[in-house]
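For reference, the structure discussed in these notes is given below.
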């Protein structure tokens, strides 16, 4: 379990560091990876995720709380698929190949339409839904630990991402942040 915690921590710390504008500028000046930085970032993330997978697989899977059965399997897969759908739609909204770094990222205005008109971070919302689904399917201690570390990281990741978006979009992003919730859409009812 310590190995799993270490792998997840390294994954999330490297994710934040490599996404940080200061590190990007430093790498650009050092190696000139302007065009391929995002692709290298994606490869590093995939390698670290492979480490997380190996650590998770080796952690032992002693049951944590409930036994999974058909209702939990249906709920789990439904939540995983819904989470994957949300995250995929958000990634594709920015151009999937550009998001992964295989084509240049087009400069763009602040996205406020589609899913982003209801929640600011649909990828993170999708991750959270998938985590709950994963807990339904695999209610063991490694899954609990992975979910806990991810839930603890998300506010940090959101904060760092929003600092970057404020630097790029300024007051437009500040207004957007006030108007649109981060992860869970608001339920609005008509009065009158």
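Taken together, the values in this text are just the output of simple stated rules run on the coordinates, not laboratory data. This structure is a prediction, so every number in the text was calculated from the model and none was measured. Note that we place each Cβ from the backbone using ideal geometry, even for glycine, and neighbour counts take in every protein chain shown.
Take 72, 1 and order them by how many other Cβ atoms sit within 10 Å, fewest up front. Numbers along the way, then the final one.
Details: 72 17, 1 14.
Result, fewest neighbours first: 1, 72.
Could you sort the peptides 166-174, 77-85, 121-129 by per-residue average Cβ neighbour count (10 Å cutoff), highest mean leading? Write out the running numbers ahead of the final one.
On the way: 166-174: 13.2, 77-85: 16.4, 121-129: 22.0.
In descending order of packing, they fall as 121-129, 77-85, 166-174.
Among 132-138, 158-164, how do they line up by average Cβ neighbours within 10 Å per residue, starting with the highest?
Values: 132-138: 19.0, 158-164: 14.4.
In decreasing order of mean packing, 132-138, 158-164 become 132-138, 158-164.
Fully extended, how many nm does the chain gain between residue 82 and residue 179 (0.36 nm per residue separation, minus their Cα-Cα distance)?
Numbers: separation 97, 0.36 × 97 = 34.92 nm, distance 2.42 nm.
Net length gain for the segment: 32.5 nm.
By counting other Cβ atoms within 10 Å of each Cβ, how are 130, 16, 113 ranked from fewest to most? Walk me through the intermediate numbers first.
Numbers: 130 22, 16 16, 113 8.
Lowest count first: 113, 16, 130.
How big is D for region 111-192, in µm² s⁻¹ as a whole number, if Stokes-Einstein is applied with the Kirkwood radius of its Cα pairs at 25 °C and 0.890 mPa s? Walk me through the numbers on the way to the answer.
Details: Rh = 14.4 Å.
The diffusion coefficient I find is 171 µm²/s.
How much length would be gained if the chain were fully extended between residue 40 and residue 160, taking 0.36 nm per residue of separation minus their Cα-Cα distance, in nm to one decimal? Please report the intermediate quantities before stating the final value.
Working: separation 120, 0.36 × 120 = 43.20 nm, distance 2.01 nm.
The span from residue 40 to residue 160 would gain 41.2 nm if fully extended.
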